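One structure is given here, and the rest of the page talks about it.
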Amino acid sequence: MLYSMNVAPAQVIRGSQALSGEAIARLGLRPLVVAGERTLTSAGQPLLTVLEQQKLAVAQASYSPDCSEMSLASLEEAVKSHQADVIIGLGGGKALDMAKLLAYRCRLPVVTIPTSAATCAAWTALSNVYSNEGAFLYDVALARCPDLLILDYDLIQTAPQRTLVAGIGDALAKWYEASVSSGHSDQTLLIAAVQQARVLRDLLFQKSVDALQEPGGAVWREVVDATVLLAGIIGGIGGAQCRTVAAHAVHNGLTHLLASHGTLHGEKVAYGILVQLRLEETIQGNQLAASARQQLLKFYTEIGLPQTLSQLGLANITLTQLQQAAEIACQPASDIHRLPFTVVPEQLMAAMVSTTVPVDSGRTLLGIEEGLC
């Protein structure tokens, strides 16, 4: 059997003032910059400056309303009309996913320039596709990682600190998901990916608080590297089977609730880690999972990650809405089925409303009548 691996971008440039028109010019002379409308009017200007210095013919296009099939069709027209020969993704995870998918469809090189450290999307050979309303639909495995990733610390520092906190939550999930799905594997690369995920978790536990207290400092840069680069490496080495499990499945289900759209990807994923640990704790009677959940609750409190539905802005959702999210998270093709046990929507709902219960409250599955907080 043959395996195809997409481990890393062809080139990574990182540092202060790392924006490089020269590196982009080696890939093409007619770049199309894909970003959100707000990013185009703010972070877009420094990029345009370095591209114009290289005398490149630049066009810009928004991926609005979302990283969706409709936006992709519109951007494909923009590629044709501009005769673009390279795609540049500028922004957060959705802008980068849209640029990568567009480049893949148009068979063009792609450059990713993250404006925050909220995800590892700048690194990966994967794009998530949403509805126009922001509900997760499916992901697309791409032919390769980006041709060039530019990690400019000065640009990242302009993002709200909340985005780095969300990135820490998203990166933490690498350990909790990979260790469950692939922790017992005897395959060399999966063993390496799981161990790197453990190292990533430990780094974040040790350095996140200090990093958040000194934005732009040396420790802050290390945490940015961890969330954008190291998290991407783990996904590249481990592949789909150790990339996502229940934490991301919970995120995917929650995106179908309009009230969740005010929270970031990594915030939902961080909450999803607690839900996954609660499932391991209640269905398997796993006391290591219970201890891990208590450790995470303390850490989340220290850095400001959400622990409950209420903290995700979902205190007022109905039981029907909660069931809808749980049913989507438990669909047959969902990543939640990489857990080593079966989960049904009712069990997931119970876990979703009991993420903060004390360990000594017992091992039996709690009822959803306890409330959403």
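The values are calculated or read from the model by the stated rules, or taken from the named source; none is laboratory data. Just so it is clear, the model here is predicted, and its values are computed rather than measured. Because the Cβ atoms are built from the backbone with ideal geometry, glycine has one as well, and the counts that use them run over all protein chains shown. Accessible surface is based on the protein model in full, side chains and every heavy atom, while ligands, DNA and RNA are left aside. Shrake-Rupley method; radii C 1.70, N 1.55, O 1.52, S 1.80 Å.
Below is a table of values for the structure above.
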read-out	value
Added length on full extension, which subtracts the Cα-Cα distance from 0.36 nm per residue, Leu258 to Gln45	73.5 nm
Percent RCO, i.e. relative contact order, over the stretch 188-282, from Cα pairs under 8 Å lying at least 6 residues apart	26
Heavy-atom accessible area per residue - the stretch 139-268, 1.4 Å, Å²	36
Beta bridges per DSSP with both ends in the chain, % antiparallel, nearest 5	20
Semi-axes of the equivalent ellipsoid for the chain, Cα gyration tensor, largest first, Å	35, 21, 20
Cut-off under 5 Å, modelled amide H: who pairs with Val86 long-range	Arg30, Leu32
5 angstrom amide H check on Asp66, placed H, neighbours 5+ away	Ser71
Inter-site label distance for Gln294 and Gln323 at 7 Å from Cα along Cβ, in nm	3.5
GluC sites (Glu not before Pro) lying in DSSP loop within the stretch 46-138, provided at most 16 other Cβ fall within 10 Å	Glu133
Accessible area in square angstrom per residue, the stretch 41-135, 1.4 angstrom probe	38
Length gained when the stretch Gln287-Arg30 is fully extended (0.36 nm per residue, less Cα-Cα span)	86.9 nm
Thr356/Ala192 FRET efficiency (R0 30 Å; Cβ-Cβ; nearest 0.05)	0.30
Karplus (6.51, -1.76, 1.60) ³J(HN,Hα), θ = phi - 60°, over the stretch 87-92, in Hz, Gly and Pro reported as x	9, 10, x, 10, x, x
Partner lysines for Lys55 [C-alpha distance under 22 Å; skip if fewer than 8 residues away on the same chain]	Lys80
Amide H partners (placed H, <5 Å) of Thr115, local residues excluded	Gly91, Gly92
Violating pairs (Cα-Cα greater than 20 angstrom) within the set Lys94/Lys207; Lys207/Lys298; Lys174/Lys207; Lys100/Lys207	Lys94/Lys207; Lys100/Lys207
Gain in span if fully extended, Ala315 to Ser185, counting 0.36 nm per residue against the direct Cα distance	42.9 nm
Simple label model, 7 Å out from Cα along Cβ direction - Val219 to Phe341, nm	3.7
From phi via Karplus (6.51, -1.76, 1.60), per-residue ³J(HN,Hα) for the stretch 351-359 in Hz, x at Gly/Pro	5, 5, 9, 9, 5, 10, 5, x, 4
Hz values of 3J(HN,Hα) by residue in the stretch 110-126 - Karplus curve (6.51, -1.76, 1.60), Gly and Pro given as x	9, 10, 10, 10, x, 9, 8, 9, 7, 8, 9, 4, 5, 9, 7, 8, 8
Mean projection area, nm², convex hull over Cα of the stretch 1-153	8.8
